[in-house]
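Beneath this line is the structure, given in structure tokens, with notes to follow.
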Amino acid sequence: MVPDIREQFKKQFGKEPLIAAAPGRVNLIGEHTDYNEGFVLPGAIDKRIYVAMAANGQEELNIYACQYQKKFSCSIKDIKPVKGWATYLLGMFFYLQKEGHALGGMDVLIDGDVPVGAGMSSSAAICSAFGMALNEWFGLKLDRMSLALMGQRTEHHFAGVQCGIMDEFASLHGKAGHLMKLDCRSLQYEYIPFNFPNYKIVLLNTMVSHSLSGSEYNVRRQQCEEGVSILKKYYPAILSLRDINLDQLQAHRNELSDVVYRRCLFILEENQRLLAGCSSLANGDILSFGEKMFQAHEGLSKLYEVSCEESDFMVEQAQLQKGIVGARQMGGGFGGCTINIVEYGAVNSFTENMCGTYQEKFNIVPETYTMQIEDGARIISSH
Ligand code: GLA
């Protein structure tokens, strides 16, 4: 892919580029916990967004997206959110300038193989790759967490999704063969080896493209905040659902609407599942980890209500297959991919059977991806 991107850039802009790459992510367990100051367990994947760029000596940002064969141009003095992929690049550029960094006009080309709308965080990968590229080109010396937080700001204000920090964090901090247990309150993290050579992480794409912006995602966040504001009357010190335990939630169940109660319950249980899941991994007990994935899906579907018919079907059917250890919908929800842990020797029959059954039911052929956990964002060649 890299030689190709260099050639494409030279064809479009007639000069040698700097090239950066940033991956999408999987998340093993801990969904919707990040914006509730809980824990997540993502890993960076072997699918990436590539950014090639070079200065143009003007005050223009010219962007070409190979996947869409579309151009976008604007003045660097007048950057505003737009609809679609370009907004993620614009947001990063905007916030770097806003923080006082002197940037100049750039010619930029992006390409990649992170599927869009599949819950693998293609948008975070765009922000991270462009952030890395600008950081390197202008010698800004920003650390990776600062770039991740800038990506999150971009999602909030340039894409209208009130997301947590998980996706940007994972894209920038990934380490081959390791998951990251991130405390989304303190932003401290530890690398956890995912060393199960007899098992594979398989994603099955429902092909139901989830769109987080304007969707129920922001509503879920508000419902959690509503829960916190009601519980705060009794426990003034609480700042987020992180500070509440199950007994406290049950004690005030009647003061919450049923919907808000179920949202809060899911988050509390999901954090507990993640912590227990990390112990399972530390003990080498992948089977008990897998059970927690199934339980997580049940909660995502019934309590948090971010699943859909197609994802539910994928998980139910996965449960019937030989070699399956755990399965659940992954990411923001409402479609996208399910994440499955499957015995190595059963991967082919698993994907074949699942594709057949899914196609029979919905008349859609799902894409399947057998994942490697890889390193996070990096500069591939400097200018
Ligand atoms: C999306 C958001 C993340 C996180 C997940 C759900 O991927 O970008 O911040 O909330 O959904 O876990």
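Values in this text are rule-based calculations from the coordinates and carry no lab data. Because the structure is predicted, anything quoted here is derived from the model rather than measured. Quick reminder, even Gly has a Cβ in these numbers, built from the backbone with ideal geometry, and neighbours come from all protein chains shown.
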As I understand it, the value is the acute angle between the Cα axis of helix 2-13 and the longest principal axis of the Cα atoms of the chain; what does it come to in degrees, rounded to 10? 50 degrees
For a test of understanding, tell me how many lysine pairs in the range 1-145 have Cα atoms under 22 Å apart, given they are 8 or more places apart or on different chains. 15
Relative to the longest principal axis of the chain, what angle (0 to 90°, nearest 10) does the C-alpha long axis of helix 144-158 take? 90 degrees
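Which of the trypsin sites (Lys or Arg not before Pro) found in the range 1-101 are loop residues per DSSP with 11 or fewer other Cβ atoms within 10 Å of their Cβ?
Details: sites: Arg6, Lys10, Lys11, Lys15, Arg25, Lys47, Arg48, Lys70, Lys71, Lys77, Lys83, Lys98; in loops: Lys15, Lys77, Lys83.
Sites meeting the loop and neighbour criteria: Lys77, Lys83.
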Starting from the Cα of Glu190, move 7 Å in the Cα-to-Cβ direction to define the label point; list residues of the range 269-306 whose amide nitrogen is under 15 Å from there. 274-284
Name the residues whose placed amide hydrogens come within less than 5 Å of the amide hydrogen of Gln67, ignoring near sequence neighbours (fewer than 5 apart) on the same chain. Gly112
Let me know the longest stretch in the chain that avoids all GluC sites (Glu not before Pro) found in a DSSP loop with at most 14 other C-beta atoms within 10 Å. 100-383
May I ask you to evaluate 6.51 cos²θ - 1.76 cosθ + 1.60, the Karplus curve with θ = phi - 60°, for each residue of the range 128-133 and list the ³J(HN,Hα) values in order in whole Hz, giving x for glycine and proline? 5, 5, 5, x, 4, 5
In whole Hz, what ³J(HN,Hα) sequence does the range 337-342 give by Karplus (6.51, -1.76, 1.60; θ = phi - 60°), x for Gly and Pro? 9, 9, 10, 10, 9, 10
Using the C-alpha atoms of the chain, what convex hull volume per residue, in cubic angstrom, is computed? 139 Å³
Between the range 50-71 and the range 251-292, the alpha-carbon center distance in angstrom: 43 Å
Amide H within-cut-off set for Leu179, under 5 Å, with H built and near neighbours excluded: Ile192, Phe194
Measure nothing but the geometry: give the 0 to 90° angle between the long axis through the Cα atoms of 86-98 and the longest principal axis through the Cα atoms of the chain, rounded to 10°. 70 degrees
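Charges only on Cβ, +1 for Lys and Arg, -1 for Asp and Glu: so what's the dipole of the chain about the Cα centre, in debye to the nearest 20? Walk me through the numbers before you get to the answer.
Values: 35 positive and 44 negative charges, 141 e Å.
Computed about the Cα centre, the dipole is about 680 debye.
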Amide H to amide H, which residues 5 or more places from Gly38 or on other chains are under 5 Å from it, using H placed in the peptide plane? Cys184
Average projection area in nm² (convex hull over Cα atoms of the range 1-148, one quarter of hull surface): 9.1 nm²
Please give the charge dipole size of the range 28-145, origin at the Cα centre, charges +1 on K and R Cβ atoms and -1 on D and E Cβ atoms. Round to the nearest 20 debye. 260 debye
For Lys361, counting only lysines whose alpha-carbon sits under 27 Å away and dropping same-chain residues fewer than eight positions off, the answer is Lys200, Lys292, Lys302, Lys322
HN-Hα J in Hz across the range 310-322 - Karplus 6.51, -1.76, 1.60, θ = phi - 60°, x for Gly and Pro: 5, 5, 4, 4, 4, 6, 4, 5, 4, 4, 8, 8, 5
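From the P(r) of the range 291-383, can you give the percent of Cα pairs sitting at distances over 20 Å?
Numbers: 1729 of 4278 pairs.
It works out to 40 percent of all Cα pairs.
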